[in-house]
Amino acid sequence: MALDVPPGVVTGENLLKLLDHAKTNGYAIPAVNVSSTSTANAVLEAAKKANAPVMIQVSQGGGAFLCGKGIEDPKGELPASAAGSVALALHVRAVAAYYGVPVVMHSDHCAKKLLPWFDKMLEADEAYYKKFGEPLFSSHMLDLSEEPDDENIEICAKYFAKMAKIDLFLEMEIGITGGEEDGVNNEDVDPEKLYTTPEQVWAVYEALSKIGPGFSIAAAFGNVHGVYKPGNVVLSPEKLGKHQAYAASKLGLAAGSKPIYLVMHGGSGSTDEEIALAVTNGVCKMNIDTDTQWAYWDGLRAYELKHRPYLQAQIGNPDGADKPNKKYYDPRMALRAAEEATVTRLGQAMEDLKCVNVL
């Protein structure tokens, strides 16, 4: 099935076409957390190189960093987090089409305490929609998994009803992803909450599908943010197939149908087999953060190690006491090395997710 969506940021029907293409053709789209225009550009470059769609996502903490750590960001208001997130979305909007691939602009985990951040991004989406007929972002995530299921679904439905009017896609989480990421710590969570049941997933689908088709579910199957030693994390991607089968039976669909857009969080360190089974069971998006953070740093580390004698002073190096070092300490040089390392790591991830040359 050919993918008939334009390059650049995709929203609304084009986003649904993209996700359907992924499910039908057995691949998942990497969703990469970024915290700067440099990391965003590296993600776009990797997608261009692989001829693959990609998702760029920003967390609340990433948004605050993008705005500038010198700006106050009061709890309960989070204006800097929102401003930085909007700035990133505008940057991606400005450059994405030049890379020639479909790009999904997404905001990551939003817990209940972070709703002011979410609300301000929605205001930016609505303003953008009035001008251009589509939202600024492609999608947003509400992560109310720490709340009781009924409250989680109720709040998601309330927001989704508002989002659907401007073609915004919603990602929600039911069940908890373990570990720690960007200030959200679930390392001591009850292990049973790391595995979502088919009944929980169906309750979400039943409520949100009455509003519109543009939503996905991050159902927990033992996922953990971060990287851990082999054996410390027990993933059960086969449970995702049970969610699809349960929903298909409720909807009267044929066996093997995959009516739900599923999302995989905590994918860093997963085996190829676990990822493949998750994709087979309808995962169309996999989050990547920890591994790309390391890749970016490792590129910086390698650059410094290689050029260390030329990075000790503005003038003077092994080539001569009067030789300038500007071309080595120019920040663009080290940042470019970090970007290249990130592109390489994402190329591997795209191979794992079977999304290379799918366009």
Nonlocal amide H pairs with residue 285, under 5 Å, H built at 1.01 Å: 29, 264
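Select from segment 1-76 those trypsin sites (Lys or Arg not before Pro) which occupy a DSSP coil region and have at most 15 other Cβ atoms within 10 Å, ordered by residue number.
Of the trypsin sites (Lys or Arg not before Pro), the ones in loops of segment 1-76 whose Cβ has at most 15 other Cβ atoms within 10 Å are 69, 75.
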Solvent-free Debye scattering, log10 I(q)/I(0), computed from the Cα coordinates of segment 20-65 at q = 0.22, 0.29, 0.32 Å⁻¹: -0.76, -1.01, -1.11
Cα centre as origin, Lys/Arg/Asp/Glu Cβ charges: the chain dipole, Debye: 1140
Debye log10 I(q)/I(0) at q = 0.18, 0.20 Å⁻¹ for segment 289-333, Cα point scatterers: -0.56, -0.64
For segment 155-160, Karplus couplings with θ = phi - 60° (6.51, -1.76, 1.60), whole Hz, Gly/Pro x: 5, 4, 5, 4, 5, 5
Distant-in-sequence amide H partners of residue 144 (H built 1.01 Å from N, under 5 Å): 173
In order through segment 125-142: 3J(HN,Hα) via Karplus (6.51 cos²θ - 1.76 cosθ + 1.60), integer Hz, x for Gly, Pro: 4, 5, 5, 5, 4, 4, 7, 10, x, 8, x, 5, 8, 7, 7, 9, 10, 9
For segment 51-115: relative contact order, % (alpha-carbon pairs under 8 angstrom, 6 or more apart): 47
Helix-only mean residue ellipticity at 222 nm for the chain, each DSSP H run of n ≥ 4 adding -39500 (n - 2.57), per residue, nearest 500: -14500 deg cm²/dmol
Rounded if a/c under 1.5, otherwise prolate or oblate - the chain, Cα gyration tensor axes: prolate
Value of Rg to Rh for segment 100-142 (Rh from inverse mean 1/r over Cα pairs, i.e. Kirkwood): 1.03
Rg and Dmax of segment 93-176, Cα atoms only, in Å: 13.7, 44
Selected from 153, 79, 316, residue furthest toward positive end of dipole (the chain; charges at beta carbon): 316
Under 5 Å, built H, 5+ apart or other chain: amide partners of residue 59: 34, 108
Segment 239-310: chymotrypsin sites (Phe, Trp or Tyr not before Pro) falling in loop per DSSP and having at most 15 other Cβ within 10 Å: none
For segment 48-61, 3J(HN,Hα) per residue [Karplus equation, 6.51 cos²θ - 1.76 cosθ + 1.60, θ = phi - 60°, Hz, x = Gly/Pro]: 4, 5, 8, 6, 9, x, 8, 10, 10, 10, 10, 8, 4, x
Rounded if a/c under 1.5, otherwise prolate or oblate - segment 36-187, Cα gyration tensor axes: rounded
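Coordinate-derived values only; no laboratory data. Predicted model, so just to flag it, every value in this text is computed and none were measured. Cβ atoms come from the backbone with ideal geometry, glycine included; neighbour counts cover every protein chain shown.
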